[in-house]
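Read the structure below first, then the notes.
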Amino acid sequence: MSSAIDVRGLHKSYGDKRVLDGIDLNVAEGTIFSLLGPNGAGKTTAVQILSTLVTADAGEIRVAGNDLHQDPEAVRASIGVTGQFSAVDGLLTGRENLIMMADLYHLGRQEGRRRADELLEQFDLVEAGQKLAMTYSGGMKRRLDLAMTLVGSPRIIFLDEPTTGLDPRSRHSMWQLIRELVATGVTVFLTTQYLEEADQLADRIAVLDHGRLVAQGAPDELKRLVPGGHIRLRFTSPEEFALAGQVLPTAVPNQDALVLQVPNDGSVHSLRALLARIDDASLDVDELTVHTPDLDDVFFAVTGQPTTSDDEKVTSR
Ligand code: ADP
């Protein structure tokens, strides 16, 4: 698969402060990549650099096959950016906002209107399209903002915290729209503070902390990095449970429930090893379940800070 974004050795400082301290990352075409990190980690700066708004101090960066340093125009032509601060003009209707974007892209009068109506349909804003954008709910505004980003049919879209502050229903509809976009072959570079968002959407996640990538991988790979994963074995008889306890001395027993928790990273290899031990001892297991830690555990393990609750995040902005 070819790369939509390829970054080697990206550095950026503001004064004495190193905001990005040697970042390497690769995003495959047609996938969702999530840059996850606490406030101040450098996520927005990374998006600003990759979308040509801010220059890097050092690093080799290719976006949509173009060298960002040598050919920023070509990069700009292939990307769309939806920032935390919406480009929506409240004094125009949704449709007028889209047509304004179409004019910026020189789509031509007829094609601009056609594209605007197509996007209103796609983003479930047909009725709202006739109303002033300042009357829109937060979720509708974000949808319009994303629709405006798509007017120029970009191949790569940067979404900087696209659902911060949205209610759960609007957040889910945004996720659905993002999935549909990717199904059409678009690549999405998403920044978020919400672990669940990265877990739901991303093919790959990179965790940024103090300007460095402290972990990178598929959501499931990251979850396997942290302790806390285990296999839960349930038995039907106390005798079998006691025998299993001897065969698996590292397991944590729960006598009342006849359950053993065996520490395990959830990989196929370690699961197979456990099954072999169960087989060798002819243990009669009633039920076996695999428990992988969630991304909150990963986040804590790699950044040393717990994630803040949704409420705190909303009010802190
Ligand atoms: P995030 O998006 O992860 O919250 P940012 O990229 O916005 O992080 O910021 C990372 C750090 O860089 C912060 O400490 C911020 O204060 C600093 N920073 C960002 N932009 C500038 C700027 N234009 N001038 C000086 N410092 C900046």
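Numbers for the structure displayed
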read-out: Positions within the range 37-64 being within 12 Å of the ligand (Cβ to nearest atom) and of a type in the set (K, R), in sequence order; value: K43
read-out: Subset tally (residues that are modelled with pLDDT of 95 or more, of a type outside the set (G, A, S) and not in a loop (DSSP other than H, G, I, E, B)) for the range 80-99; value: 6
read-out: Residue count for the range 106-121, restricted to those that are over 27 Å from the mean Cα position of the chain (by Cα) and surrounded by 15 or more Cβ atoms within 10 Å (Cβ to Cβ); value: 6
read-out: Flag for H11 being outside the structural domain of L190 (by TED's automatic domain parsing) and open to solvent by 30 Å² or more (accessible area, probe 1.4 Å); value: no
read-out: Residues (away from the ligand (no atom under 12 Å from the Cβ) and open to solvent by less than 50 Å² (accessible area, probe 1.4 Å)) located in the range 24-36; value: L25, V27, A28, G30, T31, I32, F33, S34
read-out: Residues satisfying the stated conditions in the range 195-235, i.e. of a type in the set (A, V, I, L, M), in a strand (DSSP E or B) and under 11 Å from L36 (Cβ atoms); value: I205, A206, V207, L208, L213, V214, A215
read-out: Long-range neighbours under 7 Å by Cβ, at least six apart or interchain, first residue farther than 16 Å from G9 by Cα and of a type in the set (K, R) within the range 199-223, second surrounded by fewer than 17 Cβ atoms within 10 Å (Cβ to Cβ) and modelled with pLDDT under 90; value: K223/D294
read-out: Answer from N66, N39 - the residue that is open to solvent by 30 Å² or more (accessible area, probe 1.4 Å) and modelled with pLDDT of 95 or more; value: N66
read-out: Tally of residues being out of contact with any helix residue (DSSP H, G or I) (no Cβ under 7 Å at 6 or more places or on another chain), within 21 Å of D220 (Cβ to Cβ) and not in a helix (DSSP H, G or I) across the range 236-269; value: 2
read-out: Unmet criterion (only one of (1) more than 27 Å from A273 (Cβ to Cβ); (2) modelled with pLDDT under 90) for V252; value: (1)
read-out: Single unsatisfied condition, I32 versus (1) in contact with an Asp or Glu (Cβ under 6 Å, 6 or more places away or on another chain); (2) without any contact (Cβ under 8 Å) to a residue 12 or more places away in the chain; value: (2)
read-out: Exclusive hit being away from the ligand (no atom under 16 Å from the Cβ), over 15 Å from E29 (Cα atoms) and out of contact with any Pro (no Cβ under 6 Å at 6 or more places or on another chain), set E121, E197, E161; value: E121
read-out: Search result, residues across the range 163-193 that are under 11 Å from the mean Cα position of the chain (by Cα) and either open to solvent by 10 Å² or more (accessible area, probe 1.4 Å) or not assigned by TED's automatic domain parsing to the domain that holds A41 (or both); value: Q193
read-out: Residue check for D21: without any contact (Cβ under 8 Å) to a residue 24 or more places away in the chain, within 16 Å of the ligand (Cβ to nearest atom) and in the same structural domain as D145 (by TED's automatic domain parsing); value: no
read-out: Pairs with Cβ under 6 Å, 6+ apart, first in the range 38-50 and on the phi > 0 side of the Ramachandran plot and part of a loop (DSSP other than H, G, I, E, B), second open to solvent by less than 50 Å² (accessible area, probe 1.4 Å) and within 6 Å of the ligand (Cβ to nearest atom); value: G42/V19
read-out: In the range 194-235, the residues that are surrounded by fewer than 18 Cβ atoms within 10 Å (Cβ to Cβ), in contact with a helix residue (DSSP H, G or I) (Cβ under 8 Å, 6 or more places away or on another chain) and over 29 Å from G59 (Cβ atoms); value: E196, Q200, P227, G228
read-out: Single condition D16 does not satisfy, out of (1) open to solvent by 60 Å² or more (accessible area, probe 1.4 Å); (2) more than 12 Å from the ligand (Cβ to nearest atom); value: (2)
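The values are calculated or read from the model by the stated rules, or taken from the named source; none is laboratory data. Worth saying up front: this structure is predicted, and the values here are computed from it rather than measured. Ideal geometry is used to build each Cβ from the backbone, glycine not excepted, and the neighbour counts take in all protein chains shown. With ligands, DNA and RNA removed, areas are computed over all heavy atoms of the protein, side chains included. Shrake-Rupley method; radii C 1.70, N 1.55, O 1.52, S 1.80 Å.
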